[in-house]
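Novice: To start, I am sharing the structure in question, which I have written as structure tokens.
Derivation of every value follows stated rules applied to the coordinates shown; laboratory data play no part. Here the structure is a predicted model, which is why all the values come from computation and not from measurement. Glycine gets a Cβ as well: all are built from the backbone with ideal geometry, and neighbour counts include every protein chain shown.
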Amino acid sequence: MTAKQTETTTRKRLFIRTYGCQMNVYDSERMRDLLVPLGYEPADAPDGADLVILNTCHIREKAAEKVYSELGRLKPLKAEKEAAGGRMTVTVAGCVAQAEGAEIQRRAPVVDLVVGPQTYHRLPELIARVHRDRGEALETEFEVEEKFDALAVPKRHVEGYSAFVTVQEGCDKFCSFCVVPYTRGAEYSRPAAQITAEVRALAAQGVREITLLGQNVNAYSGEAPAGDEASGRWGLARLIRHLAMIGGIDRIRFTTSHPNDMDDDLITAFGEEEKLMPYLHLPVQAGSDRILKAMNRKHTAAEYTALIERLRTVRPDIALSGDFIVGFPGEQESDFAATLKLVEETGYASAFSFKYSRRPGTPGAAMGAQVDEAVMAERLARLQALLDSQQQGFNASMVGKRLPVLFEREGRNAGQLGGRSPYLQAVHCDGPKELIGQIAMVEVLSASKNALGARLLRGESCAA
Ligand code: 5AD
Ligand code: SF4
């Protein structure tokens, strides 16, 4: 059967549930793009689906446990489908799949297939194998080589005007609390030409904003495009400057960065490249040098704050975001106080903070002096109160200002639009639907912790 013939077979329902980071959101979209040409139609609920994919996250214990609860809920749905003469193929993808492998099927026999993040391109073939093992006719047979080639510059189906583009995967940093180097593997950067082709195709579909993704995105070091071999490999700043020349792309962002990979070129780019938005997610995790050392972060609190100062020198309005872990093994009240101090000094526009979660196989899990759950909860509450007040303060500082907003969707109320400021704040504003997909100037009228209210400024142009 040829790929063309496959298109004509009955469409099957595909349900994907995504947990965790933006990389998983991107991966889920890629899996969908891979499966739709093979006769699958995206569904918005697992009920009655022929193929269910749970794209999982293993970063904290709670995230991993959610997957098993969901598998429990799928069991009766799968039985119902079978009682009606159909089949539901349950697939676990993502980092739980990578970390737990066959153990998942032992714990949850409802699972038919387990596939880690490095093997998504083989998904159609693996699904076909499940069908074959059940003795079913292979309706999804396809030309493997053709699909492999298509992956190099993926045909993407995008919704909206802002898209993620994975440029780098994996991590070689081995922070002692983190599973990512084990679940996502070693650092790998996609060649610059491949990324450029993908962004060009997105721009042609109307995308105005791209967010470059990577577990360690600023460690990007990709093969230079043909014609520029002399430069060897490109760093992230070089890639951003190149992508900024693509017509139609007006905003560029990237996430997530490590402080040790913020090189001079990237810092300079924040001051020079207008399309690079003034927002940076730069996790520090903790403010105590003793804890940073135990975390294997390989930088001190002072080095981090010096970096922030340099960024603010080139781009004074840059909005900062971070990740924090409270209760890493051995964390004393004085260490936690150093985290609060660093937060006070830095001033964050937004941040994520978590209680330390002991992950099997990481060095942190074997450390003594694990911190009591109640102590962690109390510290997290104090940290989040401070971060929340900074976020509220940052948003409040926008009231009365004029900002360019990329409108992405209709708002909740009739006649309302929703978009994003350069600082990644959600903005609500009355305006015509025709503005969706456009960047327009607004005046900020009000601010809450999570959003800005604004009015449209007619006739004012804006660069970004
Ligand atoms: N416990 C708590 N938080 C963690 N993170 C990563 N591993 C753990 C863990 N074991 C947090 C870090 C990281 C973010 C993505 O998740 O803050 O930056
Ligand atoms: Fe995990 Fe980030 Fe540390 Fe890598 S740099 S090990 S992804 S926390």
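Novice: Quick one: 3J(HN,Hα) in Hz for segment 413-430, Karplus 6.51/-1.76/1.60 with θ = phi - 60°, rounded, Gly and Pro as x.
Specialist: So the Karplus estimates, Gly and Pro as x, are 8, 4, x, 9, 10, x, x, 10, 7, x, 8, 6, 6, 6, 10, 10, 7, 6 Hz.
Novice: May I pose another question? What is the projected area of the convex hull of the Cα atoms of segment 402-456, averaged over all directions, in nm²?
Specialist: Value for segment 402-456: 3.2 nm².
Novice: Next up: Return, ordered by residue number, the residues of segment 284-320 whose backbone nitrogen is under 12 Å from a label point located 7 Å along Cα→Cβ of residue 392.
Specialist: From segment 284-320, the list is empty.
Novice: Still on this model: Just for the chain, what percent of DSSP beta bridges are antiparallel, to the closest 5?
Specialist: 35 percent
Novice: For a quick protection proxy, order the peptides 221-228, 375-382 by their average other-Cβ count within 10 Å, most packed first.
Specialist: 375-382, 221-228
Novice: So, one more: List residues of segment 425-458, by number, whose backbone nitrogen lies under 18 Å from a label position 7 Å along Cα→C-beta of residue 352.
Specialist: It comes to 425-426, 450, nothing else.
Novice: Now, a different point. If R0 is 56 Å, what FRET efficiency do you get for residue 314 and residue 186 from their C-beta distance, rounded to 0.05?
Specialist: 0.95
Novice: Rounded if a/c is under 1.5, else prolate if a/b beats b/c, else oblate: with a ≥ b ≥ c from the C-alpha gyration tensor eigenvalues square-rooted, which is segment 12-56?
Specialist: The shape class here is oblate.
Novice: Still on this structure, I have one more. List the pairs from 355/449; 173/275; 62/298; 293/355 whose alpha-carbon separation is above 20 Å, in the order I gave them.
Specialist: Violating the 20 Å limit, Cα to Cα: 355/449; 173/275; 62/298.
Novice: Compute the orientation-averaged projected area for segment 42-87 from the convex hull of its Cα atoms and round it to one decimal in nm².
Specialist: 3.4 nm²
Novice: Next up: Of the peptides 47-60, 429-442, 361-374, 92-105, how do they stack up when ordered by the mean number of other Cβ atoms within 10 Å, highest first?
Specialist: 47-60, 92-105, 429-442, 361-374
Novice: Kirkwood Rh, the chain, all Cα pairs: how many Å?
Specialist: Radius from the Kirkwood sum: 24.0 Å.
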